[in-house]
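Step one of this worksheet: look at the structure below.
The values are calculated or read from the model by the stated rules, or taken from the named source; none is laboratory data. As the structure is a prediction and not an experimental result, all values here were calculated from the model. Note: ideal-geometry Cβ built from the backbone for every residue, glycine included; neighbour counts use all protein chains shown.
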Amino acid sequence: MSVKIAPSILAADFADFGREVKAVEAQGADWIHVDVMDGHFVPNLTFGPPMAKALRPHVTTFMDVHLMIAPVDAFIDAFADAGADMLTSHIEAGPHVHRTMQATKAAGMKAGLALNPGTSVEAVTPLLDIVDMVLVMTVNPGFGGQKFLHHQLAQIRRLKELIGDREILIQVDGGIDPTTAPLVTAAGADVLVAGSSIFRDGSADAPEPYGAAITAL
Ligand code: DX5
Ligand code: ZN
């Protein structure tokens with residue numbers, strides 16, 4: 001299976017998401033990663049279901065929604081209605097993460113489970129028969145442009161062993177650039193989220209906007 005690139009619109013132009021999404025998809029983005037933050041689970045605020053719904057018609061690939069909110073369950077149906085393909089919730093966001101995974105799948109979405117850098121990947125073991133993807137954070141969630149945490153490479157390798165031959169994707173998010181991308185893919189990552197390394201040096205007005213950055217990854 002080839003590695004997927006999921007640009008995070010957290011680093012894109014907030015006043016022009018439709019155009020930014022179109023630009024990265026034209027240059028080979030496989031998924032569009034949408035970061036939802038609540039100012040409580042993480043110390044930053046972004047947007048909610050209405051923005052995801054407005055974005056949906058512009059996404060022709062796969063809308064990957066990363067919830068950095070707590071509690072999660074009251075918003076699951078709203079993100080299903082918004083058209084999310086994958087809904088990823090944090091294992092640290094509440095005591096009933098198995099229920100959250102069940103509700104996500106019952107609402108018709110793929111279920112992702114995210115882990116902060118302080119959480120051991122062993123914690124996902126009881127959930128491996130229900131999740132479609134595990135997101136190993138390679139920074140502390142909340143902000144783009146942070147430095148990759150190298151100790152997470154060992155966690156990715158361990159997660160790969162725990163998954164075995166199950167069809168579960170491993171996603172990484174935070175500090176992914178042309179230097180760290182080969183490290184995470186060698187460790188077993190299938191989906192690479194990248195914000196600043198794709199959007200930082202470009203503009204949707206350029207001739208092949210973000211194409212070089214996506215190719216470099
Ligand atoms: C961080 C978000 C990431 C963020 C990554 O909390 O979950 O998706 O956009 O940004 P970079 O690629 O700049 O580290
Ligand atoms: Zn994210």
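For this structure, a couple of remarks:
- Residue check, A12 in contact with an Asp or Glu (Cβ under 7 Å, 6 or more places away or on another chain) and in contact (Cβ under 8 Å) with a residue 40 or more places away in the chain: yes
- Residue count, the stretch 31-60 (criterion: within 14 Å of the chain's Cα centre (by Cα) and more than 15 Å from ligand 1 (Cβ to nearest atom)): 0
- Exactly one residue among F79, F75 is at pLDDT 95 or above, within 19 Å of S8 (Cα to Cα), crowded, with 16+ Cβ neighbours inside 10 Å and not aliphatic (A, V, I, L, M), and that residue is F79.
- Scanning the stretch 189-211 for residues that are within 9 Å of ligand 1 (Cβ to nearest atom), of a type in the set (G, A, S) and assigned to a helix (DSSP H, G or I), we see that the one that is farthest from H66 (Cα to Cα) is S197.
- Restricting attention to the stretch 173-188 and to residues that are over 21 Å from I130 (Cβ atoms) and outside any helix (DSSP H, G or I), the residue that is nearest to the chain's Cα centre (by Cα) turns out to be G174.
- Sole exception among (1) among the aliphatic types (A, V, I, L, M); (2) away from ligand 2 (no atom under 13 Å from the Cβ); (3) over 14 Å from V65 (Cα atoms) for L115, by number: (2)
- Where V134 falls short, out of the listed (1) away from ligand 1 (no atom under 16 Å from the Cβ); (2) outside any loop (DSSP other than H, G, I, E, B); (3) surrounded by 16 or more Cβ atoms within 10 Å (Cβ to Cβ): (1)
- Annotation note: Cβ proximity below 8 Å between a residue of the stretch 21-50 that is under 16 Å from H66 (Cβ atoms) and a residue that is of a type in the set (D, E) and in a strand (DSSP E or B) (sequence gap 6+ or interchain) occurs for W31/D64; I32/D64; H33/D64; H33/D173; V34/D64; L45/D38; T46/D35.
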